[in-house]
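Peer 1: I'd like to ask some things about the structure below.
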């Protein structure tokens with residue numbers, strides 16, 4: 001992958017009200033930083049907890065990025081991909097007209113997902129029956 005030292009990549013996920021729920025995406029970002037030496041890779045979320053796109057885009061601008069590629073960390077092309085995210089990006093792009101802002105492709109389907117789902121299914125065989133586990137909410141009330 002050809003990355004310019006003035007490029008920045010932002011992984012944009014849905015997020016959650018549960019702190020730490022985005023840890024997997026943050027691990028992906030860290031792996032990208034290692035593989036794309038010299039490239040700024042940041043994460044942001046659409047949920048209330050944040051960090052949110054506007055502040056992360058400003059951070060990339062302050063860091064000298066001249067092109068920012070926003071990668072939606074979503075499997076399916078729903079309303080967030082088709083409407084919400086483009087609107088958020090267009091609005092913030094007005095603040096930095098000299099920075100090229102690209103809405104990348106969402107994760108979607110890839111053959112590697114077939115193997116991942118098979119592996120996760122195999123790993124799940126030893127998990128307990130659903131009636132034996134507590135939800136996050138149930139754990140909070142104990």
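Peer 1: Would you be able to say whether some residue in the stretch 91-109 is modelled with pLDDT of 95 or more, closer than 25 Å to residue 73 by Cβ, exposed (fewer than 10 other Cβ atoms within 10 Å of the Cβ) and over 22 Å from the mean Cα position of the chain (by Cα)?
Peer 2: Taking every residue of the stretch 91-109 in turn, at least one turns out to be modelled with pLDDT of 95 or more, closer than 25 Å to residue 73 by Cβ, exposed (fewer than 10 other Cβ atoms within 10 Å of the Cβ) and over 22 Å from the mean Cα position of the chain (by Cα).
Peer 1: Considering each of 71, 40, 25, 46 in turn, give the residue that is within 30 Å of residue 137 (Cα to Cα) and modelled with pLDDT of 95 or more.
Peer 2: So the residue among 71, 40, 25, 46 that is within 30 Å of residue 137 (Cα to Cα) and modelled with pLDDT of 95 or more is 25.
Peer 1: I've got another one for you. Would you check which residues across the stretch 93-142 are outside any loop (DSSP other than H, G, I, E, B) and over 26 Å from residue 18 (Cβ atoms) and list them?
Peer 2: Within the stretch 93-142, 93, 100, 101, 102, 103, 111, 112, 114, 115, 118, 122 qualify.
Peer 1: Looking at residue 52, is it in contact with a helix residue (DSSP H, G or I) (Cβ under 9 Å, 6 or more places away or on another chain), over 29 Å from residue 137 (Cα atoms) and without any contact (Cβ under 8 Å) to a residue 60 or more places away in the chain?
Peer 2: No.
Peer 1: How many of the residues making up the stretch 58-98 are in contact with a helix residue (DSSP H, G or I) (Cβ under 6 Å, 6 or more places away or on another chain) and without any contact (Cβ under 8 Å) to a residue 60 or more places away in the chain?
Peer 2: 3
Peer 1: Turning to a different aspect of this structure: Working only within the stretch 66-81, note down all residues that are outside any loop (DSSP other than H, G, I, E, B) and over 24 Å from residue 112 (Cα atoms).
Peer 2: Answer for the stretch 66-81, where residues must be outside any loop (DSSP other than H, G, I, E, B) and over 24 Å from residue 112 (Cα atoms): 67, 68, 79.
The values are calculated or read from the model by the stated rules, or taken from the named source; none is laboratory data. In this text, all values refer to a predicted model and were calculated from it rather than measured experimentally. Note that each Cβ is placed from the backbone with ideal geometry, even for glycine, and that neighbours are counted across all protein chains shown.
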